[in-house]
Amino acid sequence: MTMLLFFALAAIAVAGAVSLILQRHPIHSALSLIVVMVALAGLYLLLGAEFISAVQIIVYAGAIMVLFVFVIMLLNAGEEERTNFSRMAAYVGLPLAAVLAAGLVYWTAHEGTGAAAPMQRPATRPLAMLLFQDYLFPFELTSILILVAILGAVVLARREEGRE
Amino acid sequence: MSEFLAQHSLLATSVVKTVIFLILVLTALAYLTWFERKVVAHIQSRWGPYRVGPHGLLQPLADGIKFIMKEDPMPAGVDKFVYLLAPLLAMSVALTALGLIPFGPGTIKLFGRETSLGISDLNLGLLFLFAITSLGVYGVALGGWASNSKYPLLGGLRSSAQMVSYELSLTLSVVGVLLIAGTFSLREIIQSQGGWWHGIPRWNLLAGPAPQILGFFCYFTAAVAETNRAPFDLAEAEQELVGGFHTEYSSMKFAMFFMSEYANMITVSCLATILFFGGWLSPFPASGAWSATRYIPAAVFVICGLTLIWDGIRYTTSSGKIVLPVLGLVLGAVGAMTAMPFAINIIQGPFWFLTKVLFFLFVYVWVRGTLPRLRYDQLMSIGWKLLLPVSLANVLLTSLALVVKNR
């Protein structure tokens, strides 16, 4: 049953990723990406990482992708046109993807992926220990970095005083 | 067959529960529209639906038949796939979220397996609830975009911006409750509110050390905005945007948007009950002379039944003279049954839970009938400049109170 679910979710994720690249309309691409995110959340759930799975949906599918869709809607972006450059990307990209896939297969065949460590349930406590105790400093540093980025965005987007 | 059931009892109970639950919820959604129209009508000194069935009780059925029979045109130039996907997404997300709500403390026996009231019972119930409801915005945004029309696009943009803004305060306002309860499980959050605190029930709203009054204020305001209801229903401000994001939808596709809005209303009302009002816990103690309060559900049913009979006898139409007293008799019989020893304990939880939920649904309609709609900039400044700081302050105050108490 777990195997079946894994392959179903993996197939959905891969199909979503392929569709993300092949779709010509930005909204369809964004929707495909959401499918990938939700399928990944299902895979996390299968591994017993309930918290990560819920957060994956809340943060990626529920917040970041909403902004993607929002911006695409706001700009009313139309279908992408095929240019000489994008055709060229196909000629270079396909062999590159094949090489990457071959490398991945070779690596997993030789090294193995290792068995997933059994998770404690609920896994929120060990995660909180890691984030807020062992790696507190990098965590806070990241927060400040994000805060600076937000401030920068606000400053850039703001109209200057007295200039309507 | 019975062997199969014994082997796959989890699957069987889940399927049976889901089907029963769907039937109940869809009926409740239909009658919620009737309830809303009646309450708003009475607020505005009207009678509301009165023609179809006694007191308009068959109006939801008539509406449903109308939705199904209507022609379903597709506007020119729409993005077909997304146009069809949007109402489906809105509806399925709204119904899935309801499936995470536990409706009572007891268990019932199905196929030889004790099973809880409610479809699923997750460790991280609240987190998954937020995860699922955070996907609800896609139905609105995509529906507005796919219609290939100006007004729906503007409505969709407005309401997705609104939902994203208020989701933040909604989630933050709940953190106080999570700090007190120390768990994400909805069932355990309710159980943590059992008992008494200086003579009042230990519900998160009022009980110390950290009463969640601010949290509840933020939660309820954000929840009204999150479900796109008045006074935050700018997405469908009729005067400026026609119908908002669902202008180009008709027939069952429109009905799906409509039902998802009502399902979301039920979900946030259930959540308000669970998080701040003790869920299924009775407001009365169970011991001593107070144990007579166990008969309140039965008494309420019987009184409602008697009122219906009394009203039915004097009703104007002859069909109403028959239907209403029969309904009253059924209600009275149900009331008598819930006073019996075999049912009295199982009914307590769902009765108090649904009573509180019904109260919140009434408040929803009441607010809609009373308050004028906000302007868009007012809406955004309330969300970002009032609710967000207040809910953050609530988190700080709650943690402070808990730290002081646990010293």
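Where a number appears in this text, it was derived from the coordinates with a stated rule and is not lab data. As the structure is a prediction and not an experimental result, all values here were calculated from the model. Every residue, glycine as well, gets a Cβ built from its backbone with ideal geometry; the counts of neighbours run over all protein chains shown.
Quick notes on this one:
- The mean count of C-beta atoms from other chains within 10 Å of the C-beta of residues in B:127-137, rounded to a whole number, is 6.
- Relative to its residue count, chain B spans a Cα convex hull of 175 Å³ per residue.
- An ellipsoid equivalent to chain A, defined through the eigenvalues of its Cα gyration tensor, has semi-axes of 32, 29, 17 Å when rounded to whole angstrom and sorted largest first.
- For chain A, built as a Gaussian network whose Cα springs stay under 10 Å, the top-fluctuating residue of A:Leu74, A:Leu46, A:Leu22: A:Leu74
- Extending 7 Å from the Cα toward the beta-carbon at both A:Leu127 and B:Phe284 defines two label points whose distance is 4.3 nm.
- The share of alpha-carbon pairs in the protein assembly as shown lying farther apart than 38 Å comes to 38%.
- Peptide B:160-167 is shielded by partner chain Cβ atoms: per residue, an average of 2 of them sit within 10 Å of its Cβ.
- With a cut-off of 13 Å between beta carbons, the residues surrounding B:Val177 carry a summed charge of 0, where Lys and Arg count +1 and Asp and Glu -1.
- Hull volume in cubic angstrom per residue (convex hull over the Cα atoms of segment A:123-164): 76 Å³
- Taking other residues whose beta carbon is less than 10 angstrom from the beta carbon of B:Thr133, and scoring Lys, Arg as +1 and Asp, Glu as -1, yields -2.
- For B:Trp197, residues with placed amide H under 5 Å, excluding near neighbours: B:Arg202
- Cβ neighbours within 10 Å from other chains - mean over A:46-58: 4
- Using the average count of surrounding beta-carbon atoms within 10 Å as a protection proxy, the listed peptides B:14-24, B:124-134 rank, highest first, as B:124-134, B:14-24.
- Take A:135-144, B:189-198 and order them by the average number of nearby Cβ atoms within 10 Å per residue, most first; the result is B:189-198, A:135-144.
- Electrostatic dipole magnitude of segment A:2-122 [Cβ: Lys, Arg +1; Asp, Glu -1; Cα centre; debye, to 20]: 60 debye
- Hydrophobic, long helices, defined as DSSP H runs whose alpha-carbon span along the helix axis is 27 Å or greater and whose mean Kyte-Doolittle value is at least 0.0, occur in chain A at A:2-22, A:26-46, A:84-111, A:136-157.
- Segment A:1-66 and segment B:264-312 have their alpha-carbon centroids 42 Å apart.
- The magnitude of the dipole of the protein assembly as shown, with charges of +1 and -1 set on the Cβ of Lys/Arg and Asp/Glu and taken from the Cα centre, is near 1220 debye.
- In sequence order, segment B:76-89 has phi-based couplings of 5, x, 7, 7, 4, 4, 5, 4, 7, 5, 4, x, 4, 5 Hz under the Karplus curve 6.51 cos²θ - 1.76 cosθ + 1.60, θ = phi - 60°, and Gly or Pro positions carry x.
- The residues packed around B:Phe342, meaning those with a beta-carbon under 14 Å from its beta-carbon, carry a net charge of +2 if Lys and Arg are +1 and Asp and Glu are -1.
- Computed from the C-beta positions of A:Leu104 and B:Trp384 and an R0 of 56 Å, the FRET efficiency is 0.80 to the nearest 0.05.
- Selected from B:Pro350, B:Pro73, B:Pro60 as most flexible by GNM, with chain B as the system and alpha-carbon contacts under 10 Å: B:Pro73
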